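Just below is one structure, and these are the notes that go with it.
Readers should treat all values here as calculations from the given coordinates under stated rules, not as data from a laboratory. Every value quoted in this text rests on a predicted model; they were computed, and no experiment measured them. Neighbour counts are summed over all protein chains in view; Cβ atoms, including those assigned to glycine, are modelled from backbone coordinates with ideal geometry.
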Amino acid sequence: MSAYQNMATRQRKWFLYVIAVIAIVLIVIPDKHFFLGLFIGSVVSYYNLWLLQRKTDQFGETIEKGGKRAGLGTVSRFAMVALGAIIVLQLDVSVIGYVIGLMLSYPIIMIDFIVFQRK
């Protein structure tokens, strides 16, 4: 497995741990308004992270073979965020929690880079 694939797998694993913690808190806490939005946002963010990593891997393989450049799936990631926003608005849960959940992938990527760059 390449270094990129190891990094991508590690980031997805960390993200699943975060989602599991959010799910446990969602079950335990009686006021679910904020944490349901956070959970939906983090699931959408996980999907977007997975899709971006998959498209980046395919992009690298295409360039390596000398093929034509393909896109990175920006439109599909935006569509998923819009779908999540529609769900959040229909369920009347916290939009702030949803936005925070959407942004969770970036700290995970940065923490992974900082921790494993030193090794």
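Data for the structure
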item: Cβ-derived FRET efficiency at R0 25 Å, ASP31 paired with VAL95, nearest 0.05; result: 0.95
item: Note, ³J(HN,Hα) from phi for segment 103-118, Karplus 6.51, -1.76, 1.60, rounded to Hz, x at Gly and Pro; result: 8, 5, 5, 5, x, 5, 5, 5, 5, 4, 5, 5, 5, 8, 6, 6
item: Tensor-based shape of segment 3-117 (alpha-carbon gyration tensor, a/c under 1.5 rounded, otherwise prolate or oblate); result: oblate
item: Count of Lys pairs (Cα-Cα under 22 Å; at least 8 positions apart or interchain) in the chain; result: 4
item: Segment 3-117: relative contact order as a whole-number percent, Cα under 8 Å and 6+ apart; result: 39 percent
item: Gaussian network model of the chain, springs between alpha carbon atoms under 10 Å - residue of ILE40, ILE87, ILE100 with greatest fluctuation; result: ILE87
item: Using θ = phi - 60° and Karplus 6.51 cos²θ - 1.76 cosθ + 1.60, couplings along segment 5-17 (whole Hz; Gly, Pro as x); result: 5, 4, 5, 5, 5, 5, 5, 5, 5, 4, 5, 5, 5
